[in-house]
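The values are calculated or read from the model by the stated rules, or taken from the named source; none is laboratory data. Being a predicted model, the structure only gives us computed values, none of them experimental. Cβ: placed from backbone, ideal geometry, glycine included. Neighbour counts: every protein chain shown. Ligands, DNA and RNA are stripped out before the accessible areas are found, and what is left, the full protein with its side chains, is counted by its heavy atoms. Shrake-Rupley method; radii C 1.70, N 1.55, O 1.52, S 1.80 Å.
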Amino acid sequence: MSPHEIAITPFDGQKPGTSGLRKKVMVFRQPGYLEAFVQSVFDTQADLRGGTLVLGGDGRFFNRQAIQVILRMAAANGIARALVGRAGILSTPAASAVIRRHGAQGGLVLSASHNPGGPDGDFGIKFNIGNGGPAPESVTEAIYRRTTQIERYRVFDHHDLDLDHVSLQHINGMAVEVIDPVDDYAALQETLFDFEAIRALIRRPDFRFRFDAMHAVTGPYAKRLLVEMLGAPADAVINAEPKEDFGGHHPDPNPAHAEALYRETVLEARLDFAAASDGDGDRNMILGRGIAVSPSDSLAVLAANATLVPGYAKGLAGVARSMPTSRAADAVAAGLGIASFETPTGWKFFGNLLDAGRITLCGEESYGTSSAHVREKDGLWAVLFWLNLLAVKPGETVASLLTTHWRRFGRHYYSRHDYEAVDAGIAAAALQRLRDALPSLPGNRIGGLVVTTADDFAYTDPIDQSISTGQGLRVVCGEQARVIARLSGTGTEGATVRLYFELFEADPARQRDDVQARIAPLVDFAEHMTGLRAASGRRGPDVIT
Ligand code: G1P
Ligand code: ZN
């Protein structure tokens, strides 16, 4: 049997964004669209030939069909072995763990993360390299360039494989191993955390705890780890069946989209600990009785307490955060005397620092936290980390851990305001207004604060010296405050404008104020500079986190 070559013409706009290529399902279903992108990966990634490819996704609509297509193409492109999660399932951090554990040359992760699924929802595909992490910009650029020239793709005629049982099958010479999607991931977590201590915490009758898998990929992972391995009651994990349309919901773990869990835990104070994860399992939201942990604070608290957890007992090499993430982690790094790094938005920018051993923990304000154990953010890992801390700090609660942390390091009040699906021209013009004003801002006042620097963030990677420009506009008032504006690189409709606000408070007496009230002057400043609300006719942000 020899592979077919099917002629195609390039599709516009197959440029990977913050996290892979994300489009509406109907875009991906155009004949040849998925194939053009996948062939561009195979054409540019020579070491996949004769190597191992990991394949799986978050189970959303079109996941299974895409996997069958990619397997037929992989066989026709000389891949020797494909590892596929059973039922096509692999959470993003699990895919990273599988790539690393099995020494694969790369992986294709099928997900649009927290974006809604279903026939009218979103789909996505992301190439991860042999370190288990998202391809760096040099690789995504090469793939994109190839998509603009592609003239044919290679595929074998072959029936659909059975993905629902752990098995070994073949397409021509390529071995297809259908693997349990949880095994490697669960084994890895067991090496990091004190499962004995967590088990004792979870079994305490007075410890009320819940994990919301949001009808997305973490259901099977949470059931294995939290229920089977750690002894939580079965009903502690809710919405645990992955659904193709996530039950019609937006699988994004934040107060807006995990509203019921937030209400029950934070507003009604009925649970001691609650957490949720997103469509592909890489995000996490941590809540405690009467309090929500801002993701930026979560990174800082984990860093400050890391040595209490077996996997990090030897201490941290350093920490990194994306630029818009609050500087709470920097304060911890300074206190611990370890290095801290500020990278552009998107997990791919942490890869080099992790590979070089310069950092151990990293995180983003967008509910993403992780460590050197994989090269993706890892939702359940963060949940286990928090549980481990609570387990070894008897008498402490989520709230007390936070307030103690703020007393020691100061509090960084933080909020992100998203304006979704704004007309692309209006969004660009609003950001351009601010960009044009940047040089004149230093010395100006925002309320009582003085602007010290204002720039368009550019990053030089400390390991390979690659440069990434245009990574977000930032207005900085020394250590006191920051206002940041950037366009989302993951949206599929119009433009999403993200405004980020950070305000530092050293005085413990003023560390339990209302976040939105404290940042209000910064919010007014952003509107004054961008005119976004006025121009878009919006009264306020669509989502506040
Ligand atoms: C968003 C988040 C970013 C995260 C990415 C993928 O990207 O802001 O931190 O890495 O999703 O989960 P954005 O839409 O802002 O480009
Ligand atoms: Zn995600």
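Before moving on, here are some points about what is shown:
- Within the stretch 347-367, residues that are of a type in the set (Gly, Ala, Ser) have Cβ atoms under 6 Å from residues that are within 15 Å of ligand 2 (Cβ to nearest atom) in these pairs: 351/133; 351/375; 363/369, counting only partners at least 6 apart in sequence or on another chain.
- Residues satisfying the stated conditions in the stretch 126-154, i.e. more than 19 Å from residue 466 (Cα to Cα) and surrounded by 22 or more Cβ atoms within 10 Å (Cβ to Cβ): 126, 127, 132, 147, 153
- Filtered residues of the stretch 91-125 (kept if open to solvent by 20 Å² or more (accessible area, probe 1.4 Å) and out of contact with any Leu (no Cβ under 7 Å at 6 or more places or on another chain)): 100, 101, 103, 116, 119, 120
- Residues located in the stretch 58-116, provided they are more than 21 Å from residue 172 (Cα to Cα) and either touching a Cys at 6+ places or on another chain (Cβ under 9 Å) or among the polar types (S, T, N, Q) (or both): 63, 91, 92, 96, 111, 113, 115
- When each of 46, 80 is tested for being surrounded by fewer than 23 Cβ atoms within 10 Å (Cβ to Cβ), farther than 23 Å from residue 150 by Cβ and not basic (Lys, Arg), the lone residue that passes is 80.
- Only helices (runs of 4 or more DSSP H) whose full extent lies in the stretch 284-389 are considered here, and the ones with at least 1 residues that are under 28 Å from residue 219 (Cα atoms), among the aliphatic types (A, V, I, L, M) and away from ligand 1 (no atom under 16 Å from the Cβ) are 295-305.
- Some residue of the stretch 282-302 being farther than 21 Å from residue 389 by Cα, at pLDDT 95 or above and open to solvent by 10 Å² or more (accessible area, probe 1.4 Å): no
- From the list 235, 272, 278, 245, the lone residue that is of a type outside the set (Phe, Trp, Tyr) and open to solvent by less than 10 Å² (accessible area, probe 1.4 Å) is 278.
- For residue 538, the requirement of being more than 16 Å from ligand 2 (Cβ to nearest atom), out of contact with any Pro (no Cβ under 7 Å at 6 or more places or on another chain) and part of a loop (DSSP other than H, G, I, E, B) is met.
- Here residue 225 meets the list (1) open to solvent by less than 50 Å² (accessible area, probe 1.4 Å); (2) in a helix (DSSP H, G or I); (3) farther than 26 Å from residue 115 by Cα almost entirely, failing just condition (3).
- Residues in the stretch 450-471 that are hydroxyl-bearing (Ser, Thr, Tyr) and part of a loop (DSSP other than H, G, I, E, B): 452, 466, 469.
- Put simply, of 433, 474 the only residue that is part of a helix (DSSP H, G or I) and either closer than 21 Å to residue 328 by Cα or open to solvent by 30 Å² or more (accessible area, probe 1.4 Å) (or both) is 433.
- Selection within the stretch 59-75 - of a type outside the set (S, T, N, Q), open to solvent by 10 Å² or more (accessible area, probe 1.4 Å) and over 22 Å from the mean Cα position of the chain (by Cα): 64, 69, 72, 75
- Unmet criterion (only one of (1) touching a residue at least 12 places away in the same chain (Cβ under 8 Å); (2) not in a strand (DSSP E or B)) for residue 425: (1)
- Restricting attention to the stretch 168-217, the residues that are open to solvent by less than 10 Å² (accessible area, probe 1.4 Å), farther than 25 Å from residue 262 by Cβ, part of a helix (DSSP H, G or I) and of a type in the set (A, V, I, L, M) add up to 1.
- For residue 534: the one exception among (1) farther than 25 Å from residue 329 by Cα; (2) open to solvent by less than 20 Å² (accessible area, probe 1.4 Å); (3) of a type in the set (A, V, I, L, M, F, W, C): (2)
- Here the stretch 268-281 is the region considered, the condition is being away from ligand 2 (no atom under 15 Å from the Cβ) and touching a residue at least 12 places away in the same chain (Cβ under 8 Å), and the residue that is nearest to the chain's Cα centre (by Cα) is 274.
- Residue 23 meets each of the listed conditions (1) in a loop (DSSP other than H, G, I, E, B); (2) within 16 Å of ligand 1 (Cβ to nearest atom); (3) not small (Gly, Ala, Ser) apart from (1).
- Selection within the stretch 326-348 - open to solvent by 10 Å² or more (accessible area, probe 1.4 Å), of a type outside the set (Lys, Arg) and at pLDDT below 95: 347
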